[in-house]
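A short reminder: the numbers here are calculations on the coordinates, not readings from a lab. From a predicted model like this one, the values you see are computed outputs, not experimental measurements. Cβ: placed from backbone, ideal geometry, glycine included. Neighbour counts: every protein chain shown.
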Amino acid sequence: MSTPTHTSVQSVQRALADDWALLLGLDDVGPDDDFFEAGGHSLVAVQIVARIRARHGVEVPVADVFTYPTVGELAQVVVGMLEAGTSPSLSPLGVEGAGRSA
């Protein structure tokens with residue numbers, strides 16, 4: 001079994017930045033941009049997690065978007081999961097820890 005060495009932090013950052021820009025209606029998102037300061041909320045966080053799952057094949061808990069709110073921080077989490085080959089189990093809806101932010 002091999003680890004996905006082709007996935008770099010920069011490529012995950014670019015993908016996350018593209019998704020955040022699209023979902024938040026922004027022109028440009030960088031690695032230090034904060035999801036919530038940019039207008040993100042829990043419903044968009046669920047969409048971000050769904051895009052991570054579709055693009056990278058890992059189940060990132062929605063709570064991680066709250067814990068690691070910058071593109072750079074969340075990219076590190078995704079790459080760490082990819083390298084470890086781990087994905088925490090979520091509730092059937094995949095929204096564990098989504099909170100009540102709106």
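Return the long-range amide H neighbours of Thr70 (sequence gap of 5 or more, or a different chain), with a cut-off of under 5 Å between placed amide H atoms.
Phe35
Run the numbers for Phe36 and Leu22: contour at 0.36 nm per residue of separation, minus the present Cα-Cα distance, in nm. Show your work: numbers first, answer last.
Details: separation 14, 0.36 × 14 = 5.04 nm, distance 1.47 nm.
Fully extending the segment from Phe36 to Leu22 adds 3.6 nm.
Tell me, rounded to the nearest percent, the portion of alpha carbon pairs in segment 1-70 spaced more than 14 Å apart. Before the final figure, lay out the partial values.
Values: 1407 of 2415 pairs.
Summing the P(r) of segment 1-70 above 14 Å gives 58 percent of all pairs.
Taking the Cβ of Gly40 as the centre, find all other residues whose Cβ is under 12 Å away and add up their charges (Lys, Arg: +1; Asp, Glu: -1). Walk me through the intermediate numbers first.
Numbers: positive: none; negative: Asp19, Asp33, Asp34, Glu37.
Taking every Cβ under 12 Å from that of Gly40, the sum is -4.
Once you put a point 7 Å from the Cα of Gln47 and another 7 Å from the Cα of Ser11, both along the Cβ direction, what distance in nm separates them?
2.6 nm
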